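Notes to accompany the following structure.
The values are calculated or read from the model by the stated rules, or taken from the named source; none is laboratory data. It should be emphasised that the depicted structure is a prediction, and the values quoted were computed from it without experimental measurement. Ideal geometry is used to build each Cβ from the backbone, glycine not excepted, and the neighbour counts take in all protein chains shown.
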Amino acid sequence: MATPDEPEVHAAWLPPEAFRVLGSSRIAVYGDGDLVDTAAQEVRQACVAWGGEVAHYASRLAAGGVETFDAVLALTSWPSLPAAAESVRAEMVRGGVALGDEGFTLARRDGVTVVLAEGAAGLLYGLFHVVRLGRTAFLAGRPLEHHRPAMPLRVVDHWDNVDVHPVTGQIERGYAGGSIFWESGALRSDLTRVRPYARLLASCGVNAACVNNVNVHTTEAHLLTDRLDDVAAIARELRPYGIRAHLSVNFASPIVLGGLSTADPLDPDVRAWWTDAAKRVYELIPDFGGFVVKADSEGQPGPFAYGRSHADGANLLADALAPFGGVVHWRAFVYNHRQDWRDRTTDRARAAYDHFAPLDGSFRDNAILQVKYGPMDFQTREPVSPVIAAMPATRLAVEIQATQEYTGQQKHVCYLGPMWSEVLGFQPWGPAGRTVADVAQGGSGQGEPVGGGLVVVSNIGDDRFWTGHPLAQANLYAATRLAWDPWLDPAAILDEWIDLTFTPAETADPDVLRRTLHAMMDESWRIYERYTAPLGVGFMVRPHHHYGPDVDGYEYTPWGTYHFADRDGVGVDRTRATGTGFTGQYPAPWADVYESLDQCPDELLLFFHHVPYGHTLRCGSTVVQHIYDTHFAGVDEVLETRALWQRIEDADLVAPDLYTRVRELLDEQVRCAEEWRDQINAYFFRKSGVPDAHGRQIF
Ligand code: GCV
């Protein structure tokens with residue numbers, strides 16, 4: 001609960017101060033349409049706050065050669081623009097520049113900052129780019145820059161339940177309070193957080209949001225039919241910022257909602273049911289984005305029940321959506337969650353590839369296969385999923401998880417930008433080949449389909465800091481910025497986030513806050529990795545809620561997540577020579593790199609190999625000594641992180657309530673990191689009997 005002096009809801013990035021430069025300027029906006037109106041309204045609001053002036057030419061007839069502006073934002077189709085903008089436009093025409101609906105051009109000409117866009121969405125993104133640049137957008141000598149989003153679809157997925165679920169609550173894997181959409185079975189009567197959320201997302205270039213959990217329980221299933229008004233109400237709040245609503249649907253809807261006796265994707269009545277359902281959705285929500293489906297996964301129904309393939313299932317929904325321009329995001333997270341732990345032949349890591357790779361080329365153009373970045377499940381360290389390289393004839397989206405299910409649950413500082421950047425930059429075909437980002441982007445011109453983009457599982461809730469841990473906001477910011485431009489440097493993204501959130505430029509020493517937050521966050525993912533499950537083995541978390549250490553918590557369960565530690569060694573043998581053969585799912589060179597004990601990167605060693613504790617890593621240490629060293633080091637680094645935050649308070653650099661929230665969470669992070677260190681070290685010491693070379697305390 002906020003104290004009387006504290007705001008009920010803290011701004012995330014984009015507080016009014018972030019608009020100071022823009023809002024104290026004279027700005028002209030040229031263009032019609034809802035999204036242009038949103039951009040003009042943003043400028044107007046900033047000018048009211050900071051004393052600038054705005055003119056919005058919203059009708060073509062009103063255009064009139066005004067030239068005394070500091071900045072001009074205009075649609076390229078506008079008939080007559082101020083001279084500086086005309087000169088930029090002429091240069092674009094000469095250069096044959098094509099921006100598409102979402103791109104924009106930025107330049108500084110004759111003392112005027114010019115943003116030109118072909119589509120209104122591009123104009124809005126251009127405006128936010130000017131805000132991001134702050135003063136530098138108004139400096140002389142800015143060359144012409146063209147910006148276009150890399151990914152066609154930049155999606156946030158919400159795992160928000162409508163009904164409070166007895167186990168997973170209002171938001172599955174949510175660590176920031178309740179849902180901003182739903183409350184106790186109903187649409188929230190107060191949707192006032194949705195539009196500001198859409199604004200935050202649009203400022204990073206997001207253009208789609210799925211409003212309910214991929215696990216579609218009975219209540220949620222009804223959103224597709226008799227509770228469609230609820231979805232329409234959310235879509236209304238998202239629309240002004242160019243974000244299309246998507247909906248997770250239950251594959252068995254024809255039975256659950258339609259009273260049919262089957263959901264067989266090849267059954268004509270089932271097909272007719274979906275066609276009609278899609279039509280009704282578009283009657284109410286004309287800009288509806290599409291469906292998200294989790295099928296045959298963790299208890300959700302799917303086409304396997306009818307002996308049909310996942311291409312049959314996905315194509316059924318794709319066909320229903322096609323007449324309206326919708327897409328279906330079909331998740332590849334399909335595996336047997338009722339495995340017998342004694343069965344060493346089944347490997348969960350193999351499952352998605354085994355199910356989907358043979359189906360490459362059989363999905364419709366508007367069916368997008370949504371693949372988690374790793375073969376298991378959003379672990380702190382996993383190899384990139386081999387499915388990403390296995391489906392060149394399929395539209396593919398990469399799914400990443402901003403909500404910190406396995407990475408500290410928004411109690412730990414864990415900036416994931418560096419991890420996602422590594423994933424997106426990974427080259428599945430080796431150093432000369434394309435990257436994961438290229439695949440998600442698609443459309444390379446070699447017959448490859450347009451990509452499915454990047455999907456980010458959201459980490460926000462109705463918490464007053466949006467993400468529980470205020471520093472976890474940086475993860476949503478980074479994930480969505482990487483969808484726009486996967487080549488951005490995660491440290492530079494962090495700078496953007498810091499500048500737009502805490503506006504240090506307005507403080508006495510702008511560098512202190514920036515430097516301190518970088519020191520706390522840049523390495524935080526690797527620090528988290530050091531004090532948790534070692535060398536890519538994954539899991540070792542408490543079952544069900546997944547917080548804190550429990551080395552054997554999942555070892556004898558049906559979930560397929562094992563480490564096989566015994567007195568001699570640890571790790572999963574996924575080699576072709578002696579293990580599950582998973583390494584064979586990768587193309588060259590990785591199939592051989594991962595297969596080879598000598599070449600396999602240390603950080604993934606236990607994902608691919610079962611090795612003795614005395615095995616020497618590439619870094620020169622033995623496995624067991626490395627485990628001890630990293631766990632001691634990780635805790636020391638967390639202690640240092642906490643000390644750094646104290647300096648922020650001493651220098652009075654952030655609001656007191658925000659300071660306190662982070663400090664309390666850092667205390668918990670220290671406690672939990674020590675717990676991890678002691679359990680992991682004790683476990684491996686007891687299993688192996690090998691003492692720590694440095695004689696530190698192991699229990
Ligand atoms: C939404 C993991 C999570 C589940 C999640 C699932 C998924 O298993 O623990 O909470 O369900 O992934 O991505 O579908």
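Details
- Qualifying residue in region 21-34 (condition: in a helix (DSSP H, G or I), under 28 Å from the mean Cα position of the chain (by Cα), under 26 Å from Pro79 (Cα atoms) and modelled with pLDDT of 95 or more): yes
- Of the residues Arg618, Arg642, the single one that is over 17 Å from Arg515 (Cβ atoms), at pLDDT 95 or above and not hydroxyl-bearing (Ser, Thr, Tyr) is Arg618.
- Test: Tyr353 is in a loop (DSSP other than H, G, I, E, B), aromatic (Phe, Trp, Tyr) and either within 16 Å of the ligand (Cβ to nearest atom) or within 24 Å of the chain's Cα centre (by Cα) (or both): no
- Looking only at region 329-350, and only at residues there that are away from the ligand (no atom under 16 Å from the Cβ) and of a type in the set (Val, Ile, Thr), the one that is nearest to Val457 (Cα to Cα): Thr346
- Taken as a whole, the structure places Gln401 among residues that are under 19 Å from Arg154 (Cβ atoms) and among the polar types (S, T, N, Q).
- Residue check for Ala349: closer than 18 Å to Thr575 by Cβ, buried (at least 23 other Cβ atoms within 10 Å of the Cβ) and not basic (Lys, Arg): yes
- Between Val654, Val638, Val690, the distinction of being part of a helix (DSSP H, G or I) and of a type in the set (A, V, I, L, M) belongs to Val638 only.
- Residue in region 94-117 that is farther than 25 Å from Ala150 by Cα, at pLDDT 95 or above and touching a strand residue (DSSP E or B) at 6+ places or on another chain (Cβ under 7 Å) present: yes
- Residue ID - nearest to Ala351 (Cα to Cα), chosen from residues in region 544-566 that are under 24 Å from the mean Cα position of the chain (by Cα) and within 13 Å of the ligand (Cβ to nearest atom): Thr561
- Gln370 within 16 Å of the ligand (Cβ to nearest atom), in contact (Cβ under 8 Å) with a residue 40 or more places away in the chain, within 30 Å of Met521 (Cα to Cα) and in contact with a Leu (Cβ under 9 Å, 6 or more places away or on another chain): yes
- Some residue of region 347-364 being of a type in the set (Asp, Glu) and either under 15 Å from Gly538 (Cα atoms) or at pLDDT below 95 (or both): yes
- Residues satisfying the stated conditions in region 373-409, i.e. away from the ligand (no atom under 16 Å from the Cβ) and either assigned to a helix (DSSP H, G or I) or not hydrophobic (A, V, I, L, M, F, W, C) (or both): Arg381, Pro383, Pro386, Ile388, Ala389, Ala390, Pro392, Thr394, Arg395
- Some residue of region 421-443 being closer than 30 Å to Leu666 by Cα and within 14 Å of the ligand (Cβ to nearest atom): no
- Among the residues of region 226-278, the one identified as surrounded by fewer than 17 Cβ atoms within 10 Å (Cβ to Cβ), under 30 Å from the mean Cα position of the chain (by Cα) and farther than 24 Å from Asp34 by Cβ is Arg227.
- Which listed residue, of Gln446, Gln473, is at pLDDT below 95 and either part of a loop (DSSP other than H, G, I, E, B) or not aliphatic (A, V, I, L, M) (or both): Gln446
- Filtered residues of region 151-165 (kept if in a loop (DSSP other than H, G, I, E, B), over 19 Å from Arg188 (Cβ atoms) and of a type in the set (A, V, I, L, M, F, W, C)): Met151, Leu153
- Test result for Trp645, touching a Gly at 6+ places or on another chain (Cβ under 8 Å), buried (at least 16 other Cβ atoms within 10 Å of the Cβ) and either on the phi > 0 side of the Ramachandran plot or among the aromatic types (Phe, Trp, Tyr) (or both): no
- Matching option when the condition is within 30 Å of Cys210 (Cα to Cα) and out of contact with any Lys or Arg (no Cβ under 7 Å at 6 or more places or on another chain), among Ala90, Ala150: Ala150
- You will find that of Gly126, Gly177, the residue that is away from the ligand (no atom under 16 Å from the Cβ), part of a helix (DSSP H, G or I) and either under 21 Å from the mean Cα position of the chain (by Cα) or buried (at least 20 other Cβ atoms within 10 Å of the Cβ) (or both) is Gly126 and no other.
- For region 188-197, the tally of residues that are in contact (Cβ under 8 Å) with a residue 12 or more places away in the chain and outside any helix (DSSP H, G or I) stands at 2.
- Per-region count, region 312-328, residues farther than 16 Å from Ala252 by Cα and either within 16 Å of the ligand (Cβ to nearest atom) or in a helix (DSSP H, G or I) (or both): 5
- Of the residues making up region 547-594, those that are among the aromatic types (Phe, Trp, Tyr) and either surrounded by fewer than 16 Cβ atoms within 10 Å (Cβ to Cβ) or in contact with a helix residue (DSSP H, G or I) (Cβ under 7 Å, 6 or more places away or on another chain) (or both) number 5.
- Test: residue in region 457-478 that is within 25 Å of Gln427 (Cβ to Cβ), among the hydrophobic types (A, V, I, L, M, F, W, C) and surrounded by fewer than 15 Cβ atoms within 10 Å (Cβ to Cβ): no
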